[in-house]
1. Please give the helix 17-26 orientation as an angle from the longest Cα principal axis of the chain, in degrees from 0 to 90, rounded to the nearest 10.
2. So if I restrict to the alpha-carbon atoms in region 1-145, what is the Rg, and what is Dmax, the biggest pairwise distance, in Å?
3. Rounded to the nearest 5, what % of the DSSP beta bridges within the chain are antiparallel ones?
4. By its C-alpha gyration tensor, with a ≥ b ≥ c as the square roots of the eigenvalues, how is region 50-130 shaped: rounded for a/c under 1.5, else prolate for a/b larger than b/c, else oblate?
5. Considering Cα pairs under 8 angstrom that are at least six residues apart, work out the relative contact order of the chain and quote it in whole percent.
6. Between E180 and R128, what FRET efficiency follows from the Cβ-Cβ distance if R0 is 30 Å, with the result rounded to 0.05?
7. Just to be sure I understand: of the beta bridges DSSP finds with both ends in region 65-194, what percent are antiparallel, rounded to 5?
8. Of all alpha-carbon pairs in region 112-175, indicate the percentage at a distance above 16 angstrom.
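Values quoted throughout were computed directly from the atomic coordinates according to the rules given, and no laboratory measurement underlies them. The structure displayed is predicted, hence computed values, not measured ones. For neighbour counting, all protein chains shown are included, and Cβ atoms are generated from backbone atoms with ideal geometry for every residue, glycine included.
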Amino acid sequence: MAADRPRPVESHETADPLGRAVLAFQRGASGTLRYRDGADTQDGRVREFYFRPPAEWDDETIALLERLADHEPILDVGCGAGQHALWWQERGVDVTAIDASPGAVAAAGERGVEDLREMDMFDLEFDRNRFGAVHCVGTQLGLGGSLAGISDLLAEFARVTDGSALAVVDNYAPTRLDREFFGYRPDPREGVARRCFHFEFERETADGDRVREVGSTLQFLLCSPDRLREATIGTPWGLRSVHRDDDGAYYRAVLDKRGSGPNG
């Protein structure tokens, strides 16, 4: 192996590059997180996505967090470094945070998240009706892989929530996306596309070696709000409102168990 080439560590199946990057940032250690799609790379923006303080959050984010707080206890799915869980916790809101990444869970624990579990969102280890709200952002819903897969995930969220529960999920609407969007894969169906990439975390060891941890390829389904509404069919959830960012591609959707409402 060339001296200037990073040494790979762990298999794709067991690697946790995103979690390693989050934990390294938490501990003040160096390292570089990248998204990779073939030859294309993009910075992982660890601070922006996982450690941005509430003072930098937009008003709509705060409003949605407050809305969920009215339905506690909250299940924070894919909590990352725990920034939202900590916001609720500091306000006395009952919140349980989960993430499939061991590194992210370790970072969230070090930051002070109290009720914290390493757990797969597709197999929630909770009793029925345990929560009053679900928070699942970071476009994780798209890991369902298909509209049917998203529907199955929403059904799992429904199982662990009570009859008046609220959920906030997010995604990108393909009809408003530039085809240059990182990892974009077109689909012939209206309002549906895919996004594919993997994470790589490169760091330097105490011995001065450079190592690179490479994760498995992630495949997200991108869907418009109308397609998300289709995915709720057959579940107790209805799409109540849609909150878009400035360019309209990224959106957060509020779901509840009272039936379908306006597109927003």
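1. 80
2. Every Cα atom of region 1-145 included, Rg and Dmax give 16.5, 57 Å.
3. Close to 65 percent.
4. Oblate is the answer for region 50-130, as a/c is 1.5 or above yet b/c matches or exceeds a/b.
5. It rounds to 21 percent for the chain.
6. It comes out at approximately 0.10.
7. Numbers: 1 of 16 bridges.
Once the DSSP bridges in region 65-194 are tallied, antiparallel ones form about 5 percent.
8. Distances greater than 16 Å cover 50 percent of the Cα pairs.
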